[in-house]
Amino acid sequence: MTKLEAIIREMIVAEGPMRLDRYMALALGHPRHGYYTTRDPFGAAGDFVTAPEVSQVFGELIGVWCASAWVALGQPAPFNLIELGPGRGTLMADFLRAARVMPGFREAARVSLVEMSPTLRALQKQLLGEVHWYDSLDEVPQGASILVANEFFDAIPIRQFQNNGGTWFERVVGLGDTGLQLGLAEAPDLMGQGPHGEDGDIIEWSPQRDAIATAIGARLAAHPGVALVIDYGHLKTAPGDTLQAVRAHKPVPVTAAPGDCDLTSHVDFEALGKALRAGGAATAPVITQREFLLAMGFEARFAALAAKADGAARQILDRAKSRLADREQMGNLFKVLAAHTQGLATPYPFGQS
Ligand code: SAH
């Protein structure tokens, strides 16, 4: 049993079954035993690989997109360059290197990282030097901003509701015979007037994601700015259980070993867009990671790297390229959402088709 499981068991004994959003928040962010608090989970030796860790091209193209967004914003100086959940800091490092092509961008950027994990903050500092760190977006000073979030929202806690014979119940974590176990509890009233589903449907709702997206929208409404959100997920709100736990690149039960495996769910981009607009931002139609990367010069950038590489390195580049953009790999599952201050033209390559 993990240390965190022992703590969660005690909480359940004292307070009853635990909502999934609370369970997720503890599993990922418990100040001593949370998954992100205690480790660097990325890479082949870790639990999962993210796009910036696959290839430098990913962060570079995002840097190029943001540098041209900065020009479209009228080159505000200074401005907050905000990244939510920067992981090892790889995306930001590649981003800043590529954005050097835009004179004045780096000098104007006040790099502001929203990161809850002290372990990952230390890695980010090694790579990026002294920048600014915050526990939450609310703490980042107001002002013009460019915000990036890659695989951040999937880690933000969700709630799940299940339709049993026409009645909605909330999915909760309780105590089973051998360990923690998923169960159902009475759902709050709001589900009564809520969605009409079919027996067996599971729906997901993340008040916390909505709150963060609304805060981003409000920031973009108050000051000029853009936000780019990249994550795996679906374009339309639909029933489905997407909560997943992963350890060493393999799925494990959601209730197994809290604090020792990653816990995420797919991002509902329709809900995210609504929350951004509720905050006052405009949003562009969501596109796939494949569409975004190809439109941003992905092929040419890989070709330039391959031209300088030997045979073995070229194979690695080929694999990275496929992994990021092939339809059956990250290309279609991952979506890209752009939000911006109202009145600003829809940024390329959004709204093209
Ligand atoms: N963007 C990085 C890392 C993705 S993993 C990449 O693509 O490689 C999720 C990141 O979000 C980690 O850095 C994690 O510590 C951070 N994180 C997760 N939940 C958070 C929260 N509630 N507040 C701040 N940071 C959070």
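Key figures for this structure:
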item: Solvent exposure, largest accessible area first (probe 1.4 Å, DNA, RNA and ligands not counted), of 117, 68; result: 68, 117
item: The chain: angle of helix 298-307 to the longest principal axis, Cα-based, in degrees nearest 10; result: 60 degrees
item: The stretch 30-98-the stretch 246-301 distance, computed between alpha-carbon centres (Å); result: 14 Å
item: Debye-sum result for the stretch 71-149 in log10 I(q)/I(0), which assumes one identical scatterer on each alpha carbon, at q = 0.13, 0.14 Å⁻¹; result: -0.36, -0.42
item: nm² value of the averaged projected area, convex hull over the Cα atoms of the stretch 10-53; result: 4.1 nm²
item: Nearby aspartates and glutamates by direct alpha-carbon distance to residue 250 (threshold 14 angstrom, same-chain neighbours under 8 apart not counted); result: 47, 260, 262
item: Using alpha carbons only: equivalent-ellipsoid semi-axes of the stretch 269-327, gyration tensor based, whole Å; result: 35, 11, 8
item: Heavy-atom SASA rank of 13, 254, 64, 173 (probe 1.4 Å, accessible area, largest first); result: 13, 64, 254, 173
item: Rg/Rg_ref, the stretch 173-278, where Rg_ref = 2.2 N^0.38 Å and atoms are Cα; result: 1.30
item: Neighbour cut-off at most 15 other Cβ (10 Å), DSSP loop, GluC sites (Glu not before Pro), the stretch 45-130; result: 130
item: 26 Å Cα-Cα reach of residue 236 towards lysines, excluding residues that sit fewer than 8 places from it in its own chain; result: 274, 335
item: Cα-based Rg of the stretch 293-353 normalised by 2.2 N^0.38 Å, two decimals; result: 1.43
item: GNM result for the chain, Cα springs below 10 Å: residue of 97, 88, 19 fluctuating most strongly; result: 97
item: For the stretch 1-23 versus the stretch 164-236, the gap between their alpha-carbon centres in whole angstrom; result: 20 Å
item: Calculated Rg and Dmax of the stretch 119-229 using C-alpha coordinates, Å; result: 19.4, 56
item: Kirkwood Rh and Cα Rg combined as Rg/Rh, the chain; result: 0.97
item: Cα-based reach from residue 308 at 23 Å (exclusive), listing lysines while leaving out same-chain residues under 8 positions away; result: 321
item: Accessible heavy-atom area order of 3, 321, highest first, probe of 1.4 Å; result: 3, 321
item: Heavy-atom accessible area per residue - the chain, 1.4 Å, Å²; result: 44 Å²
item: Whole-percent carbon and sulfur share, accessible surface of the stretch 31-71, 1.4 Å; result: 54 percent
item: Quotient of Cα Rg and 2.2 N^0.38 Å for the stretch 37-86, N being how many residues it contains; result: 1.52
item: Dimensionless Rg/Rh of the stretch 222-353 - Kirkwood Rh, Rg from C-alpha atoms; result: 1.05
item: The stretch 42-188 - Rg and Dmax from Cα coordinates, angstrom; result: 19.9, 63
item: Distribution of pairwise C-alpha distances over the stretch 1-77, 10 Å bins, in %; result: 15, 27, 21, 22, 12, 3
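The values are calculated or read from the model by the stated rules, or taken from the named source; none is laboratory data. Since this is a predicted model, take the numbers as computed values, not measurements. Reconstructed Cβ throughout: ideal geometry from the backbone, glycine too, with neighbour counts over all protein chains shown. We work out accessible area using only protein heavy atoms, side chains counted, and drop any ligands, DNA or RNA first. Shrake-Rupley method; radii C 1.70, N 1.55, O 1.52, S 1.80 Å.
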